[in-house]
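Have a look at the structure below, then the notes.
The values are calculated or read from the model by the stated rules, or taken from the named source; none is laboratory data. None of these values were measured; they are calculated from a predicted model. Here Cβ is always computed from backbone atoms with ideal geometry, including for glycine, and neighbour counts include all displayed protein chains. We work out accessible area using only protein heavy atoms, side chains counted, and drop any ligands, DNA or RNA first. Shrake-Rupley method; radii C 1.70, N 1.55, O 1.52, S 1.80 Å.
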Amino acid sequence: MESLRIAASHRPPLLLPSPHQLRRRHIAAVPLSLPHTSLSLSSHHHHHHRLAPTPLRRRIPPLLASQTPNPEADSPAPAGAKLAPLLVSLAVGLAVRFLAPRPPEVSPQAWQLLSIFLSTIAGLVLGPLPVGAWAFLGLTAAVATHTLPFAAAFSAFTNEVIWLIVISFFFARGFVKTGLGDRIATYFVKWLGGSTLGLSYGLTISEAFISPAMPSTTARAGGVFLPIIKSLSLSAGSKPNHPSSRKLGSYLVMSQFQAAGNSSALFLTAAAQNLLCLKLAEELGIIVANPWVAWFKAASLPAIASLLATPYLLYKIFPPETKDTPDAPALAAEKLERMGSVTKNEWVMIGTMLLAVSLWVFGDAIGVSSVVAAMLGLSILLLLGVLDWDDCLNEKSAWDTLAWFAVLVGMAGQLTNLGIVSWMSSCVAKLLESFSLSWPAAFCVLEASYFLIHYLFASQTGHVGALYSAFLAMHVAAGVPRVLSALALAFNTNLFGALTHYSSGQAAVYFGAGYLELPDVFRMGFVTALINILIWGVVGTFWWKLLGLY
């Protein structure tokens with residue numbers, strides 16, 4: 001699970017869970033300051049939640065999670081790998097290598113690489129070490145056993161898509177550091193926040209609005225939307241970890257959490273895993289022409305339908321106690337007044353992201369690739385001082401992503417080159433043929449399997465690295481149209497991010513706010529998943545036929 005490391009020192013502590021153990025942690029974020037005249041809280045509570053805004057130009061340190069005080073904090077955590085997950089992860093690979101019979105059509109080198117890859121995936125799920133460290137061990141094993149030469153093992157570190165993902169983390173930091181994301185969301189609260197349902201729609205639409213230029217769901221959740229939701233909830237007397245949470249906070253958090261997947265699915269650049277999916281599809285020979293536009297066209301109608309339906313349906317099946325929020329627009333207006341006029345850095349951020357998005361849309365026609373567009377945008381932010389190099393160096397999640405994404409993409413590419421993926425897909429195709437399934441039926445079975453398997457994963461990108469290539473090959477072998485297969489699996493990758501409290505980075509952020517009970521997360525995650533599947537299945541079927549995807 002991607003850990004949140006977004007700069008936001010001008011905000012008070014918010015509780016977040018650890019990515020792996022879901023402990024309560026603190027991050028800093030700016031809430032809407034609460035005026036004395038509109039609070040239902042007592043005056044001393046009011047004073048506790050007011051903060052004087054700090055200058056935006058002040059250097060913002062990385063947002064690193066730290067444990068809340070507890071009696072065990074004095075004793076250091078044991079160093080090294082966790083023994084039980086380590087043994088299980090190693091056993092998976094060793095069992096495949098030495099106990100499972102190797103098919104005659106698979107070479108010894110390919111079989112050995114498959115065993116290392118499966119051990120790596122098992123470790124990503126079980127977590128004997130942090131994700132990046134475990135991926136490095138898998139890469140080391142591949143090189144040390146001469147399964148892969150050094151150049152082939154490290155070839156994915158020059159992958160354009162991976163560097164585009166890394167730069168997207170820097171863009172997200174710019175949105176938070178300048179306060180631009182916060183300002184945009186606050187405007188929508190001002191315009192639509194007169195009722196609880198309108199407030200939810202305002203937050204949902206604002207996330208969809210900024211998502212193509214802020215390509216991190218975790219950053220949007222922790223750096224922009226959760227601080228606003230928590231501040232509005234507290235102003236209505238809805239406190240975390242308290243019976244009053246159901247007054248307002250629980251609904252707003254749940255609605256934003258469940259709608260975020262559709263925002264991520266709407267644009268290619270709205271989530272890092274989207275870019276990775278298309279790169280893995282390209283390695284299987286499935287090229288999506290003009291990818292940004294093609295993605296948006298295919299996702300637009302079903303994603304917008306789901307975005308519009310989710311807040312209303314949750315309002316009916318997970319209702320808030322407070323139906324009207326007349327103070328919210330006033331709170332937002334006061335905050336905007338306190339923020340002042342748009343700063344120079346915010347204007348630079350707006351111009352840079354308009355340039356980047358324009359090049360992502362039209363870059364193919366003028367010969368500018370997506371990663372070059374992102375590099376130009378980052379260069380502008382560095383030259384004009386919106387970001388400095390320390391901001392980039394301190395964005396540890398970006399460098400961690402570079403390491404383990406590159407390992408997974410590299411191994412997946414080599415498995416394809418060595419014939420493992422084609423062998424697996426042919427086996428599945430024969431199995432599906434034995435049941436005499438048509439390609440639409442096979443499509444439904446494979447998509448449902450890919451979706452439900454996410455209950456075993458704590459990361460969307462980890463799920464993609466482990467299973468996307470294999471499932472895409474199965475789709476193609478079953479006769480499903482190639483581009484439709486690639487896009488549908490990628491859309492699914494966003495929609496299952498709200499299944500559980502550990503299914504994605506934003507899941508950890510929203511659950512850690514203290515407004516959601518665990519049974520509610522699982523129950524509403526499953527119900528909303530069914531709603532999304534129904535909307536995407538019905539609307540998408542007709543829309544994709546109209547677009548000629550099948």
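Considering only residues that are more than 24 Å from Phe117 (Cβ to Cβ) and assigned to a helix (DSSP H, G or I), which ones fall in segment 468-487?
Residues satisfying the conditions are Val483, Leu484, Leu487.
Only residues that are basic (Lys, Arg), farther than 29 Å from Leu301 by Cα and assigned to a helix (DSSP H, G or I): list them for segment 212-243, please.
Result: Lys230, single match.
Across segment 115-132, what is the total count of residues that are at pLDDT below 90 and assigned to a helix (DSSP H, G or I)?
Of the residues in that region, 11 qualify.
For the condition open to solvent by 10 Å² or more (accessible area, probe 1.4 Å), small (Gly, Ala, Ser) and either free of Cβ contacts under 8 Å to residues at least 24 places away in the same chain or touching a Leu at 6+ places or on another chain (Cβ under 6 Å) (or both), what is the one hit in Gly479, Gly525, Gly512, Gly548?
Of Gly479, Gly525, Gly512, Gly548, the one residue that is open to solvent by 10 Å² or more (accessible area, probe 1.4 Å), small (Gly, Ala, Ser) and either free of Cβ contacts under 8 Å to residues at least 24 places away in the same chain or touching a Leu at 6+ places or on another chain (Cβ under 6 Å) (or both) is Gly548.
Between a first residue in segment 96-120 that is free of Cβ contacts under 8 Å to residues at least 60 places away in the same chain and open to solvent by less than 20 Å² (accessible area, probe 1.4 Å) and a second residue that is part of a helix (DSSP H, G or I) and not charged (D, E, K, R), which pairs have beta carbons less than 7 Å apart while being 6 or more apart in sequence or on different chains?
Ser115/Gly93; Ser115/Val96; Ser119/Ser89; Ser119/Leu90; Ser119/Val92; Ser119/Gly93; Ser119/Gly138
Just the residues that are over 18 Å from the mean Cα position of the chain (by Cα) and within 23 Å of Ala328 (Cα to Cα), please, taken from segment 248-296.
Result: Leu248, Gly249, Ser250, Tyr251, Leu252.
Only one of these is hydrophobic (A, V, I, L, M, F, W, C) and surrounded by fewer than 17 Cβ atoms within 10 Å (Cβ to Cβ): Leu376, Leu402, Leu408. Name it.
None of the other options fit; the residue is Leu376.
Hey, can you tell me all the residues within segment 125-139 that are of a type in the set (A, V, I, L, M) and crowded, with 16+ Cβ neighbours inside 10 Å?
Correct list: Val125, Leu126, Leu129, Val131, Ala135, Leu137, Leu139.
Any idea which of (1) of a type in the set (S, T, N, Q); (2) surrounded by fewer than 17 Cβ atoms within 10 Å (Cβ to Cβ); (3) touching a helix residue (DSSP H, G or I) at 6+ places or on another chain (Cβ under 9 Å) is the one Ser341 doesn't satisfy?
Failing condition for Ser341: (3).
Considering only residues of segment 244-280 that are open to solvent by less than 10 Å² (accessible area, probe 1.4 Å) and not in a helix (DSSP H, G or I), which is farthest from Ser211 (Cα to Cα)?
Leu248
Condition check: buried (at least 17 other Cβ atoms within 10 Å of the Cβ), over 21 Å from the mean Cα position of the chain (by Cα), at negative phi and not in a helix (DSSP H, G or I). Does Val386 satisfy that?
yes
Residues are listed down the side, and each one gets a yes or a no for (1) more than 26 Å from Ser341 (Cα to Cα); (2) open to solvent by less than 20 Å² (accessible area, probe 1.4 Å); (3) assigned to a helix (DSSP H, G or I); (4) of a type outside the set (Lys, Arg):
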position	(1), (2), (3), (4)
Trp163	yes, no, yes, yes
Ser168	yes, yes, yes, yes
Phe171	no, yes, yes, yes
Val189	no, yes, yes, yes
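Quick check on Leu446: is it among the aliphatic types (A, V, I, L, M), open to solvent by less than 40 Å² (accessible area, probe 1.4 Å) and under 13 Å from the mean Cα position of the chain (by Cα)?
The answer is no for Leu446.
Quick one: which residue in Ala152, Ala185, Ala142 is open to solvent by 10 Å² or more (accessible area, probe 1.4 Å) and touching a residue at least 24 places away in the same chain (Cβ under 8 Å)?
Ala152
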